[in-house]
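Taking it in order: structure first as structure tokens, then the write-up.
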Amino acid sequence: MNERIKPIVMPKWGLSMSEGKVTGWLKPAGTRVSVGDEIVEVETDKIAGVVEANEAGTLRRVIGAPDTIYPVKALIGVIADDDVPDADIDAYVAEYATHAAEEDDAQEAGPRYEFVETPAGRLRYARRGEGEPSVILIHGFGGDLDNWLFNIDALAEAGTVYALDLPGHGQSDKTVQEASLAGLSAAVTGFMDVLGIASAHLVGHSMGGAIAARTALDHPDRVASVTLIGSAGLGEEINSGYTDGFVAAASRRDLKPVLEQLFHDPTTVTRQLVDDLLKYKRLDGVDAALTALAAALFAGGRQSAVLAEALKATETPVLVIWGESDQVIPAAHAGVLGTRARAEIIREAGHMVQMEKANRVNELMLAHIRT
């Protein structure tokens, strides 16, 4: 295959994704693109997202047709420099399916979700990559490990990455033994103990950020660095309309406008995402778990645990990432650690910045982990 020709393929976002629908191209054929440019919109049964260019060049072919479903890894576009002959592009497109099949045959079967018995109960997790260092991804309130759909594979370039469902969330046990940051931090360290992870880089989103920070404060020898994404724990302010609304929502009509607050672009929220979360919320034990956590962490519409000053006194490296249009936790919290942390606020992104601007977030996290 011509190494000067770069494919744009239907991405694989999460272990269960097998296909996606091209909903529209953001760049026409013939456009020059740079790394990170948004080029095509894709919708899955979980979420709508944008595929960004991983290579610079010219968008030479637009193959994926709007409103058409393609399997994961199907060729939907081609990037190449202008001096690459059209005949070479045509040959590449014609040969791509065979080449991709050969690559798949050469690779091991991808990992699936795994479960582990811990002191906090049975926890579900996914694992990517191998070797040191270890990275642990901790989702937020009401989330699960699929909140890291666009990040786990990229971070696996650095080492072994684990994404887990916290107690009370996802497919983990629904009992939360201690509804506090300390209790959830103990669940994380218990997970590390069972899997033999002596130390890890912790990446936390929203409530998961506060859990990561709490763990770094209580067990500094277990935490190599902390990345806080739209993190709780850095100030008292929080949108109680979101947290209370999420706990109370019992129908699609109630839940959809709550979830739309998570994103800069509310159309990112698909019907399937709403339906999946409703199914989760109706499981035995979920309502009690979420209610207990909300009462402990966000009582009275304020965050009960503010860890900023304590973090300033530690030596653990800290990276802070925020979406500029975050409607859940104010982006102003990104700067509260001052020179103690590197902080970046990303435009055109909301609370789920790790999904909406995945390429930039992954770039920042990899640099932080490798420092």
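The values are calculated or read from the model by the stated rules, or taken from the named source; none is laboratory data. Since the model is a prediction, treat every value here as computed from it, not as a measurement. Ideal geometry is used to build each Cβ from the backbone, glycine not excepted, and the neighbour counts take in all protein chains shown. Just so you know, the surface numbers come from the protein's heavy atoms only, side chains and all, with ligands and any DNA or RNA stripped out. Shrake-Rupley method; radii C 1.70, N 1.55, O 1.52, S 1.80 Å.
Side notes on the structure shown:
Residue-by-condition table, conditions (1) charged (D, E, K, R); (2) open to solvent by 40 Å² or more (accessible area, probe 1.4 Å); (3) within 26 Å of Glu356 (Cα to Cα):
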position	(1), (2), (3)
Ala186	no, yes, no
Gly190	no, no, no
Leu195	no, yes, no
Ser206	no, no, yes
Ile211	no, no, yes
Leu228	no, no, yes
Ser231	no, no, yes
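- Restricting attention to segment 39-64, the residues that are in a strand (DSSP E or B) and either among the small types (Gly, Ala, Ser) or more than 20 Å from Glu19 (Cα to Cα) (or both) add up to 7.
- Residue tally, condition touching an Asp or Glu at 6+ places or on another chain (Cβ under 9 Å), closer than 19 Å to Lys12 by Cα and without any contact (Cβ under 8 Å) to a residue 40 or more places away in the chain, over segment 148-183: 4
- Scanning segment 244-277 for residues that are within 19 Å of Ala349 (Cα to Cα) and part of a helix (DSSP H, G or I) yields Lys256, Pro257, Val258, Leu259, Glu260, Pro266, Thr267, Thr268, Leu273.
Residue by residue, here is whether (1) of a type in the set (Val, Ile, Thr); (2) assigned to a loop (DSSP other than H, G, I, E, B) holds:
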position: Phe115; (1), (2): no, no
position: Arg127; (1), (2): no, no
position: Val135; (1), (2): yes, no
position: Asp146; (1), (2): no, no
position: Ala179; (1), (2): no, yes
position: Ala210; (1), (2): no, no
position: Ala213; (1), (2): no, no
position: Thr227; (1), (2): yes, no
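- The set of residues in segment 300-317 being farther than 27 Å from Val269 by Cβ, surrounded by fewer than 21 Cβ atoms within 10 Å (Cβ to Cβ) and not basic (Lys, Arg) consists of Gly300, Ser304, Ala305, Val306, Ala308, Glu309, Ala310, Ala313, Thr314, Glu315, Thr316, Pro317.
- Given (1) of a type outside the set (Phe, Trp, Tyr); (2) open to solvent by less than 40 Å² (accessible area, probe 1.4 Å); (3) within 20 Å of Thr23 (Cβ to Cβ), number of the condition Asp67 does not satisfy: (2)
- Here segment 250-265 is the region considered, the condition is being open to solvent by 60 Å² or more (accessible area, probe 1.4 Å) and not charged (D, E, K, R), and the residue that is nearest to Glu38 (Cα to Cα) is His264.
- Any hit, segment 295-309, residues being closer than 18 Å to Asp144 by Cβ and in a helix (DSSP H, G or I): yes
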